[in-house]
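The values are calculated or read from the model by the stated rules, or taken from the named source; none is laboratory data. On a predicted model such as this, the values are computed, not experimentally measured, just so you know. Ideal geometry is used to build each Cβ from the backbone, glycine not excepted, and the neighbour counts take in all protein chains shown. Side chains included, ligands, DNA and RNA excluded: accessible areas come from the protein's heavy atoms. Shrake-Rupley method; radii C 1.70, N 1.55, O 1.52, S 1.80 Å.
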Amino acid sequence: MKPVALLLLSLGSAASAAPLLGTTGSFFESSFCRQYRCSLSSREPLGAGVVDFRYTLAPEHPTRPGAIPEAGPTLSVIRVNNVVTSVGFESGAQDGLLYPGSYLTPLLSRAMTFAAGTTVSEAALRRLEERCGQADGAEVKAAVSRFTLSCVNSYGEYTNARRVAFRLYR
């Protein structure tokens, strides 16, 4: 079977809940946000009726007494005329961003599953990131139900590293 077909099959088709994408539903008031202790870190208008809400999630480890608090991952939720049109995440990485046993891999799997209303497995995200790393900066896409999950690598911002961006959109 071709790699693209395997990726599409592994993204899953079992509905876990109604999708957030395409609705006016609240990301902040969701069970996902409660689980990861989201806080609104910014609200940036991007154009007429387009707003990017950035939510910072809990860090992997609680802050130790006397230590400087560490920020957790930040997810971007874009709304157009109050309808959620995409959910995204980006970060710098030297090697791989997603790997078995990491805090980020299941978190992104759950975030994308919540947004799509259908399972986006950890393995599928890792395979998408692998294909993305071979695409030389081009967007790599995979269908997730009626949505598109994409990954883009960009180079040059960091020495010996790259920026990896995942986005689920309709």
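Of note:
- If the condition is being on the phi > 0 side of the Ramachandran plot and either out of contact with any Ser or Thr (no Cβ under 8 Å at 6 or more places or on another chain) or buried (at least 20 other Cβ atoms within 10 Å of the Cβ) (or both), then the stretch 78-94 contributes only 81.
- When the stretch 127-161 is limited to residues that are of a type in the set (Asp, Glu) and at pLDDT below 95, the one that is nearest to residue 88 (Cα to Cα) turns out to be 129.
- Output for the stretch 44-57, where each listed residue is assigned to a strand (DSSP E or B) and either modelled with pLDDT under 95 or under 13 Å from residue 79 (Cα atoms) (or both): 44, 45, 46, 47, 50, 51, 52, 53, 54
- Residue among 60, 70, 90 that alone is modelled with pLDDT under 95 and either assigned to a strand (DSSP E or B) or farther than 24 Å from residue 162 by Cα (or both): 90
- Matching residues in the stretch 119-150 - criterion: being within 23 Å of residue 23 (Cα to Cα) and touching a residue at least 12 places away in the same chain (Cβ under 8 Å): 119, 120, 121, 142, 143, 144, 145, 146, 147, 148, 149, 150
- From 107, 75, 97, residue being in a loop (DSSP other than H, G, I, E, B) and crowded, with 19+ Cβ neighbours inside 10 Å: 97
- Members of the stretch 57-101 found to be among the polar types (S, T, N, Q) and within 22 Å of residue 129 (Cβ to Cβ), listed by number: 74, 76, 86, 91, 94
- When residues of the stretch 23-43 are limited to those that are of a type in the set (S, T, N, Q) and not in a loop (DSSP other than H, G, I, E, B), the one most open to solvent (accessible area, probe 1.4 Å): 35
- Looking across 54, 34, one residue alone is over 21 Å from residue 147 (Cα atoms) and not hydroxyl-bearing (Ser, Thr, Tyr). It is 34.
- Residue within the stretch 64-72 that is within 23 Å of residue 152 (Cα to Cα), surrounded by 17 or more Cβ atoms within 10 Å (Cβ to Cβ) and either under 13 Å from the mean Cα position of the chain (by Cα) or basic (Lys, Arg) (or both) present: no
- Those residues of the stretch 148-170 which are open to solvent by less than 10 Å² (accessible area, probe 1.4 Å) and more than 13 Å from the chain's Cα centre (by Cα), in sequence order: 153
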